[in-house]
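J.: Let me begin by handing over the structure; questions about it come next.
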Amino acid sequence: MKPLIILTSVLASLLSAGSHSAADTPVVWTRHIIQRPAKGMINGATANDFDGDGRMDVITSFDGKVVVFRAPDWKPLAVHTFVPGQSRNKPRTACIHSCLMDADGDGDLDFIGSNNTVFWLECPAQPFSGQPWTYRTVDDDIAGTHCLITGDVNRDGKLDLIANSGRNEKATAFPNSITWLETPADPHRASKWVRHVFADKDALGGSHYMGFGDVNGDGRPDISCAAKGTDGFTNGKWFAWWEQPKDPTGVWNKHLLAADEEGATNIVPADFDGDGHTDYFATRGHGKGVLWFRGPDFKQIEIDPDIEFPHSLAVADINGDGHLDAVTCGKEANGVAAWYANDGKGEFVKHVIGSNQGSYDLTAVDMDGDGDLDVLIAGHASKNLVWFQNPLVKTQP
């Protein structure tokens, strides 16, 4: 496999969202291709300076391997190969989702992946030595883990892993549930992590991506999620959040935000209008539309009802004006990548980054070290890995 580095200029026409007018001057986001179309889908990607050289590297999985692309020339290095026998579940050719986490507390970030088994790969002291990263199981009893995020759930000062178990009772003893997983005392020797099921059989319908944050101001972080209810899944089509009780190991209280939301996939908490209350930004990644819920009563407000399959979502300050914006991209090969500029009062304007780009997952991260946030996209149906260079340094929406 040979890396391909191509720079192509994508003219991003600035489109309006809803009744809001768009800016007049078009802005070019430069598209950088890290990996040309592979044989199989590339569902997730994350960035980190693994070797400490000041440049962002990228890690992903596709075509039967976990691969790290070393900046700046993006030379690929396979650090793990998926083969049967590593857990009790037969792996697929790629992870459906992944994240980074210091699983063993040694100060560097390890790779956490979901490929029929939730697992972690230990980042070694010399990550680009050519030696495989050590594989260990996190949990092979939960099934259908579509999302992995981190957060300090029990407020003990250590990050935990949050993972859903979206399959039915035929596939797992923890059907239609969401869990949080504590790192064991000795993560190098433990066969599994400490599992806590907080949404016990309470997340039906093809649960997708989670969000993490204290919604009700009680000092305890809560967890949100969405379920698509399409593609053979029933009892979904909802956005909801679960309220953490005093004992985080117990069953949490589910609060339904909206039902009959076909294709619901993403929901991330943040204060978008500056009123001190937590809101939610959401997408229907297996349907149409970008929306938000204004707290504290969570009034539902449509932002862009027409964008198709916005399966990925990141919330970040894209233009450096101090307000949280949002970025998404359609999952199909003809998908549109767009960001939504927030004026600080919850008024959003849509700006197109690029087109003909698929995405199951994206990340807002400073890829080129110039101080602003770029957009790293895992291609899914387009089977590629790209990043779009942010031209909006300190530019107002």
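J.: Condition first: of a type in the set (D, E), under 21 Å from the mean Cα position of the chain (by Cα) and assigned to a strand (DSSP E or B). Can you find one or more residues in region 260-273 that meet it? Can you show your working first?
T.: Our first condition is that a residue be of a type in the set (D, E); within region 260-273, this holds for 260-262, 271, 273.
From the residues that got through so far, the ones that are under 21 Å from the mean Cα position of the chain (by Cα) too are 261-262, 271.
After this cut, where a residue has to be assigned to a strand (DSSP E or B) as well, the list is none.
No; the residues of region 260-273 include none that is of a type in the set (D, E), under 21 Å from the mean Cα position of the chain (by Cα) and assigned to a strand (DSSP E or B).
J.: Further question on the same structure: Only one of these is at pLDDT below 95, open to solvent by 10 Å² or more (accessible area, probe 1.4 Å) and not aromatic (F, W, Y): V268, V251. Name it. Full working, then the answer.
T.: Details: V268 fails: at pLDDT below 95.
Matching residue, one of V268, V251: V251.
J.: Failed condition for N334, given (1) open to solvent by less than 20 Å² (accessible area, probe 1.4 Å); (2) out of contact with any His (no Cβ under 7 Å at 6 or more places or on another chain), with all others met?
T.: (1)
J.: Continuing with this model, one more query. Using the structure shown, decide if W339 is crowded, with 20+ Cβ neighbours inside 10 Å and over 29 Å from R55 (Cβ atoms). It would help to see each step written out before you state the result.
T.: On the way: crowded, with 20+ Cβ neighbours inside 10 Å: yes; over 29 Å from R55 (Cβ atoms): no.
Against the criterion (crowded, with 20+ Cβ neighbours inside 10 Å and over 29 Å from R55 (Cβ atoms)), W339 does not qualify.
J.: Taking the criterion of being more than 21 Å from G44 (Cβ to Cβ), of a type in the set (F, W, Y) and modelled with pLDDT of 95 or more, would at least one residue in region 175-193 satisfy it?
T.: Checked region 175-193: no residue is more than 21 Å from G44 (Cβ to Cβ), of a type in the set (F, W, Y) and modelled with pLDDT of 95 or more.
J.: Identify the residue in region 178-214 that is part of a loop (DSSP other than H, G, I, E, B) and among the hydroxyl-bearing types (S, T, Y) and, among all such residues, is farthest from A143 (Cα to Cα).
T.: Of the residues in region 178-214, the ones part of a loop (DSSP other than H, G, I, E, B) are 183-193, 200-206, 214.
Now restrict to residues that are among the hydroxyl-bearing types (S, T, Y): 183, 191.
Numbers: T183: 19, S191: 17 Å.
Applying the filter and picking the extreme gives T183.
J.: Considering only region 365-380, state which residues are open to solvent by less than 30 Å² (accessible area, probe 1.4 Å) and among the aliphatic types (A, V, I, L, M).
T.: V365, M367, V375, L376, I377, A378
J.: Of everything in region 215-239, what is in a strand (DSSP E or B) and either among the basic types (K, R) or more than 11 Å from N164 (Cβ to Cβ) (or both)? Give them in sequence order. Spell out how you get there, then give the answer.
T.: Of region 215-239, the ones in a strand (DSSP E or B) are 222-227, 238-239.
D222, S224, W238, F239, listed by residue number.
J.: To continue, here is another question. Consider region 83-132. How many of its residues are farther than 18 Å from L181 by Cα and not charged (D, E, K, R)? Spell out the reasoning first.
T.: Restricting attention to region 83-132, the residues satisfying the condition of being farther than 18 Å from L181 by Cα are 83-86, 88-96, 106-108, 123-132.
Going one step further and asking which of them are not charged (D, E, K, R), we end up with 83-86, 89, 91, 93-96, 107, 123-132.
Residues meeting the conditions: 21.
J.: Evaluate region 286-293: report whether one residue or more is open to solvent by 50 Å² or more (accessible area, probe 1.4 Å) and touching a Ser or Thr at 6+ places or on another chain (Cβ under 9 Å).
T.: Start the filter on region 286-293 by keeping residues that are open to solvent by 50 Å² or more (accessible area, probe 1.4 Å), which leaves 288.
So of that shortlist, the ones also touching a Ser or Thr at 6+ places or on another chain (Cβ under 9 Å) come out as none.
No, region 286-293 contains no residue that is open to solvent by 50 Å² or more (accessible area, probe 1.4 Å) and touching a Ser or Thr at 6+ places or on another chain (Cβ under 9 Å).
The values are calculated or read from the model by the stated rules, or taken from the named source; none is laboratory data. Quick caveat, the model's predicted, so the values are computed rather than measured. Cβ coordinates were reconstructed from backbone atoms using ideal geometry, including for glycine residues, and neighbour counts include every protein chain displayed. SASA here: full protein model, heavy atoms, side chains in, ligands and nucleic acids out. Shrake-Rupley method; radii C 1.70, N 1.55, O 1.52, S 1.80 Å.
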